[in-house]
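Participant: Sharing a structure here in structure tokens format.
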Amino acid sequence: MKNKIYFLLILLQISCSNKSQNKFTFDKMPLDTTKWCATDTILIDLNQDKIKDVILVFDKYRGMVRPDDIQTLILFYLGKKDFKYSFISKAEKIIYSPYYKIIKKNNGFYIQQESMDDYKISQTFFKYENGFIVAYKEIIIQKIEKGIIDENTGEVITTSVKIDTISNQNINILADEYNFNRLIR
């Protein structure tokens, strides 16, 4: 009976020290968390040191009007051992659309955004370089769609007819200096 109890205690110890039980510890949080709510946490190895780094996305604002045309705040952290993270930078104007996705690609990521009125999709590619998060490529495409009404349900079914690349350019802009207004002009 004692052996079973010891065995259960060992299993309990292993279970409690599981990595999912650990908490993130950030060295600083350069925004007012009473006004902004984190909506997403992306784990990615930005600096290729085999330790996960963190991208925190703050998309909910508790005030009536967001300050300075900020749609979504993003904070970047480098991971250290023991789930401790050091702040790299803050980006305030790299997302302009409520229809966006942050997609991991190799050791970087890109943000894909759909505009609300002209069927354009922008993709901005980012990487960690020399201690900074850098935007290095922008692609803008436009989808041309055809809508058909389903006579049984009344639903409008859209299908892509054509996709055109409007812009494909290499850039070199720090994430904290990047401004989405460049794309929507």
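The values are calculated or read from the model by the stated rules, or taken from the named source; none is laboratory data. Here the structure is a predicted model, which means the values were calculated and not measured. Counting neighbours? That spans all protein chains shown, and the Cβs are built from the backbone with ideal geometry, glycine included. Just so you know, the surface numbers come from the protein's heavy atoms only, side chains and all, with ligands and any DNA or RNA stripped out. Shrake-Rupley method; radii C 1.70, N 1.55, O 1.52, S 1.80 Å.
Participant: Within 10 Å, count the other beta carbons around each residue, average over each peptide in 148-156, 67-75, and list them highest first.
Facilitator: The most tightly packed comes first, giving 67-75, 148-156.
Participant: Then there's this: Mind scanning K23/K137; K52/K90; K28/K137 and naming the pairs with a C-alpha gap bigger than 23 Å?
Facilitator: K23/K137; K28/K137
Participant: For the chain, go through all pairs of different Cα atoms, get the mean of 1/r, take its inverse, and jot down that Kirkwood value in Å.
Facilitator: By the Kirkwood definition, the hydrodynamic radius is 19.4 Å.
Participant: Taking the Cβ of I70 as the centre, find all other residues whose Cβ is under 13 Å away and add up their charges (Lys, Arg: +1; Asp, Glu: -1).
Facilitator: -1
Participant: Would you work out the relative contact order for the chain, in percent, from Cα pairs under 8 angstrom that are 6 or more residues apart?
Facilitator: That works out to 15 percent.
Participant: Same structure, new question: Along its three principal axes, how long is the range 59-98 when you only count alpha carbons? Whole Å, largest extent first please.
Facilitator: Largest first, the range 59-98 extends 39, 19, 16 Å along its Cα principal axes.
Participant: Moving to a separate point now. Could you tell me the relative contact order of the range 114-185? Use alpha-carbon pairs under 8 Å, at least six residues apart, and round to a whole percent.
Facilitator: The normalised contact order for the range 114-185 reaches 30 percent.
Participant: Same structure again: Expressed as a whole percentage, what fraction of the accessible surface of the range 60-124 belongs to carbon and sulfur atoms when a 1.4 Å probe is rolled over the protein heavy atoms?
Facilitator: Of all accessible area on the range 60-124, carbon and sulfur atoms account for 45 percent.
Participant: Which one of Y100, T25, G147 has its Cα pushed farthest toward the positive end of the charge dipole of the chain, where Lys and Arg give +1 and Asp and Glu give -1 at the Cβ?
Facilitator: Most positive-ward Cα: T25.
Participant: HN-Hα J couplings of the range 136-148 from phi, Karplus 6.51/-1.76/1.60, θ = phi - 60°, integer Hz, Gly and Pro as x?
Facilitator: My calculation for the range 136-148 gives 10, 7, 10, 10, 10, 10, 10, 9, 10, 10, 10, x, 10 Hz in order.
Participant: Given the -39500 (n - 2.57) contribution per DSSP H run of 4+ residues, what per-residue ellipticity at 222 nm results for the chain, rounded to the nearest 500 deg cm²/dmol?
Facilitator: After summing the helix terms and dividing by the residues of the chain, the value is -3000 deg cm²/dmol.
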